[in-house]
Amino acid sequence: MNTCAMPGKKMNEEAPCILACPLRQDARDYVQLIARGRFSEAFQLVRERNPLPAACGRICTHPCETKCRRNSTDAPIAIAWLKRFLGDNFSEEPRRTVAERYPEKIAIIGAGPAGLTAANDLALLGYSCTIFESNSTPGGMLRMGVPTYRLPRVSIDNDVDIIKKLGVDIQYNTTFGVDVTFDSLKKEGFSVVFLGVGLLESRTLNIEGVELNGVLKGVSFLNEVNTKGNARIGKNVLVIGGGAVAMDCARTALRLKPDRVSVACLESRKEMPTTDFEIEEAIHEGTVVYNSVGPKRIVGKDGKVTGLETLKVKYVFDEQKRFNPAFHEGSESIIEADTIILAIGQASNLSFLRGQEGIQVTRGGTIIANPTTFSASVHGVYAGGDIVLGRGTMTESMAQGKKAAIAIHNALRNTFLKDEKWADKPAVSDVAASKIGLIKKEQKQEMPTMSLDKRLSNFNEVELGFSLNVAVREAQRCMNCGAGAQVDDNLCVGCLTCVRVCPFEVPKIAKGDTTAYIDGDCQSCGLCVVECPAKAISFKTPLEDCGKDALEAVFEEKFVQGIKPFIINFYCQYSAYKEDKESATDNLLFFHVRRVGVLGLGKVEPSSYLRAFELGAHGVLVTACKDDTCHFCKDQEWVEKRVNYTAQLLRGLGMDSRRFQTHFVSSQNGKEILDIAFRMVDELRNL
């Protein structure tokens, strides 16, 4: 008997990818929908939490992928790139309707991620929202700071257009503190003001030489290039900083055709505060990176920059993990440069608060807001995003906008609306070491990119996006963490069937217990769900319909009754991605064959095959994966058992064996499937 002592059943576990996201985006669930080809539903699910999916899918720092449990097996799911795939190809207006309209008008200052998100959510809650934006276009730092080769402006515009269709008005070229004030907004009937102005300035260095000609600020440099398409730089550019803005400055400078671009940063390669992908792309494009060096002074001649004197870094963070860099004495060296770009962080510009009494700010120049209610120190004023965080990511700013929207609604309605997505839940534990070898390794799909010889001559987008077949293939690597099988203690009889059939050795019966328990290592293969004699096991998610709902949906099409012969093809979706138009079978099989796809045919009960005949199919074709291509590795054995059992039942009823056929194939698309299907059609015609 497979028994063990367990620390206790965690019944409310959540996927780590969801918990890691500041927005609590339903990453697992929209990835699972993509894996099933349900793209429109997947986009709608993303859009419920994230009003800027096309932009976010490009520049998100994807902490979800850092926590992805697939890391222990091979590589994380490309969650952000899959979000981009949906935003680029399946974008549509939200299907949520506003149940009630409220009289209060809400003013939002700044059309950046925090402001746009707050406006989106408040509009869906039933409020009239107006965004006041000082620039002529929306996006805030997305447009001012992120280069177009990473984030095309059409992606921002497409996301914002959907927000505007909710009724949100955006007034451009309107500067708060100049064109509008707290007082003027109050006179215009606005009940609430939300400040989401962001951090629009670059931090500077308190070292000798920063005043020299040739020293630029990172945000200003990026904004100039993004708006004008050019900026004045020299032939030898040095960027100071190791974060995302520094990489953006370096890669932007490369496209202005200097002789050399380099980056100097305090951090070691592993400590650099941006994604490996961004660093690797910068190096791939020709950036030279100097790690573990700190700026001592900027040197120059005749008022112009000639280089940066640096010191070698002992450490960046002290024993208490605080940012407190220390340097080796006497380790000075010079990095030559005629242009130096400071990209060491962003700062606020609070000039809009002049004459606005009562708004409290920190010594660091951020607005003080209650962390729960997001209210500032003046009644009716709220704040969120980078202007409160100091330095945050796009998703952190959007999360602030979402939380602020709920807080504003609760204050105006004197209610307590709560977003359950932010409820505290335990994360599904890491994959047990003993299980890692049982999980099939599957290569992560890489993002196709523009070739190096083409990209540096323009600002066109470098990352080209996933095609449909690549997106589906990548999504199908997801292990559906936290949404696998579960046992109903009231039905379980402790027979150990689940223990015996599970290829991943997941089900257990604790010492002294009489019922089975399935933990987070469940891979959703479904064998135990079908084989449990007490029907005590089910999937936690309705996405796992085991083909039943899809089968019923086929026969809801009225005209299928007139097709003769009519065949239902149960197939494994894990090997059914469209490799190319010539090999895709869905359209070619349309007339005589309808396909019922399931992520692993081990989830299909014999009763589903029989149900197809009951509903009116003339034949049933089962195309399953061979063991060497099977996502779950052990499905073939169980599919064979079940189809043999079904065939025996049908023979007992006098049915010709040619009406129920099974084939094990290496791919669910292509000539092999076509030949099988057409051959079966011919056989049924001759019966």
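Each of GLU92 and GLN360 was given a label point 7 Å from its Cα along the Cα-to-Cβ line. The distance between the two points is 4.8 nm.
Placing unit charges on the Cβ atoms of the charged side chains and taking the dipole of the chain about its Cα centre, the candidate lying farthest along the positive direction among PRO22, VAL154, GLY140 is PRO22. Take HIS328: with every protein chain present and a 1.4 Å probe, its accessible area is about 80 Å². Taking the C-alpha atoms only, the angle from helix 39-49 to the longest principal axis of the chain is near 40 degrees. Here's how it looks for GLY198: its modeled amide H is under 5 Å from those of ASP386, ILE387, which are all 5 or more places away or on a different chain.
Evaluating 6.51 cos²θ - 1.76 cosθ + 1.60 at θ = phi - 60° for every residue in the stretch 235-248, the Karplus couplings come out as 8, 10, 9, 10, 9, 9, x, x, x, 5, 5, 4, 5, 5 Hz, glycine and proline recorded as x.
From the P(r) of the stretch 116-229, can you give the percent of Cα pairs sitting at distances over 17 Å?
Pairs farther apart than 17 Å: 64 percent.
When HIS284, HIS379, HIS618, HIS592 are compared by accessible area of protein heavy atoms, the largest-first order is HIS379, HIS284, HIS618, HIS592, using a 1.4 Å probe. Full extension of the chain between ALA326 and GLU556 gives 75.7 nm of extra length, using 0.36 nm per residue less the Cα-Cα distance. With R₀ set to 41 Å, the beta-carbon distance separating MET450 from LYS511 gives a calculated FRET efficiency near 0.10. Available extension along the chain between GLU672 and ASP488 is 62.1 nm, counting 0.36 nm per residue and deducting the alpha carbon span. The phi-based Karplus calculation (6.51 cos²θ - 1.76 cosθ + 1.60; θ = phi - 60°) puts the 3J(HN,Hα) values of the stretch 250-264 at 5, 6, 5, 4, 4, 7, 8, 6, x, 7, 8, 10, 9, 10, 10 Hz, whole numbers, x for Gly and Pro. Estimated at the nearest 10 Å², the accessible area of PHE566 is 0 Å² with a 1.4 Å probe.
Rolling a 1.4 Å probe over the protein chains gives TRP422 an accessible area of about 50 Å².
Shown here: Rg/Rh (Cα atoms, Kirkwood Rh), derived from the displayed model; of the candidates (i) 0.99; (ii) 1.03; (iii) 1.08, it corresponds to (ii). Close Lys pairs in the stretch 338-481 (alpha-carbon distance under 19 Å; sequence gap of 8 or more, or different chains): 5. In the full protein context, the chain carries 44 Å² of accessible surface per residue, based on a 1.4 Å probe and ignoring ligands, DNA and RNA.
Considering the options LEU551, ILE563, LEU527, tell which one lies farthest towards the positive end of the dipole of the stretch 514-575, charges being +1 on Lys and Arg and -1 on Asp and Glu at the Cβ, about the Cα centre. Selected residue: ILE563. Overall, the stretch 4-92 carries a charge dipole of about 160 debye about its Cα centre when +1 sits on the Cβ of Lys and Arg and -1 on the Cβ of Asp and Glu, all other atoms neutral.
Applying a DSSP loop filter and a limit of 11 other Cβ atoms within 10 Å to the chymotrypsin sites (Phe, Trp or Tyr not before Pro) in the stretch 108-162 leaves nothing. Once both labels are positioned 7 Å from their Cα atoms along Cα-to-Cβ, the gap between ASN213 and ARG679 label points is 8.1 nm.
Calculated [222 nm] ellipticity per residue, helices only, for the chain: -9000 deg cm²/dmol; basis is -39500 (n - 2.57) per DSSP H run with n ≥ 4, divided by all residues, nearest 500. For LYS548, which lysines qualify as cross-link partners when the Cα separation must be under 25 Å and same-chain residues fewer than eight apart are set aside? Cross-link targets: LYS535, LYS540, LYS558, LYS564, LYS578, LYS603, LYS626, LYS634, LYS641.
Backbone geometry of the stretch 50-62 corresponds, through the Karplus equation with coefficients 6.51, -1.76 and 1.60 at θ = phi - 60°, to 3J(HN,Hα) couplings of 10, x, 10, x, 5, 6, 5, x, 9, 10, 4, 7, 5 Hz, x marking Gly and Pro.
Were the residues from ASN71 through ILE283 laid out at 0.36 nm apart, the gain over their Cα-Cα distance would be 73.9 nm.
Remark on LYS296: its backbone amide H falls under 5 Å from those of GLU309, THR310, LEU311, a criterion applied only to residues 5 or more positions apart or on other chains, H modelled at 1.01 Å from N. DSSP beta bridges confined to the chain are antiparallel in about 30 percent of cases.
Could you size up the charge dipole of the chain around its Cα centre, putting +1 on the beta carbon of Lys and Arg and -1 on that of Asp and Glu, and report it in debye to the nearest 20?
Magnitude of the dipole: close to 260 debye.
I'd like the carbon and sulfur percentage of the solvent accessible area for the chain, probe radius 1.4 Å, heavy atoms only, ligands and nucleic acids excluded. Its accessible area is 49 percent carbon and sulfur atoms. Sites listed here are trypsin sites (Lys or Arg not before Pro) in the stretch 622-687 whose DSSP assignment is loop and whose Cβ has at most 14 other Cβ atoms within 10 Å: LYS626.
The count of lysine pairs in the stretch 175-310 with alpha-carbon distances below 27 Å, taking only pairs 8 or more places apart or on different chains, stands at 17. In this structure, the amide hydrogen of ILE131, modeled 1.01 Å from its nitrogen in the peptide plane, lies closer than 5 angstrom to those of ILE108, ASP169, ILE170, GLN171, counting only residues at least 5 positions away or on a different chain.
The values are calculated or read from the model by the stated rules, or taken from the named source; none is laboratory data. No experiment lies behind these values; they were computed from the predicted model shown. Neighbour counts are summed over all protein chains in view; Cβ atoms, including those assigned to glycine, are modelled from backbone coordinates with ideal geometry. Surface areas here come from the heavy atoms of the whole protein model, side chains and all, with no ligands, DNA or RNA. Shrake-Rupley method; radii C 1.70, N 1.55, O 1.52, S 1.80 Å.
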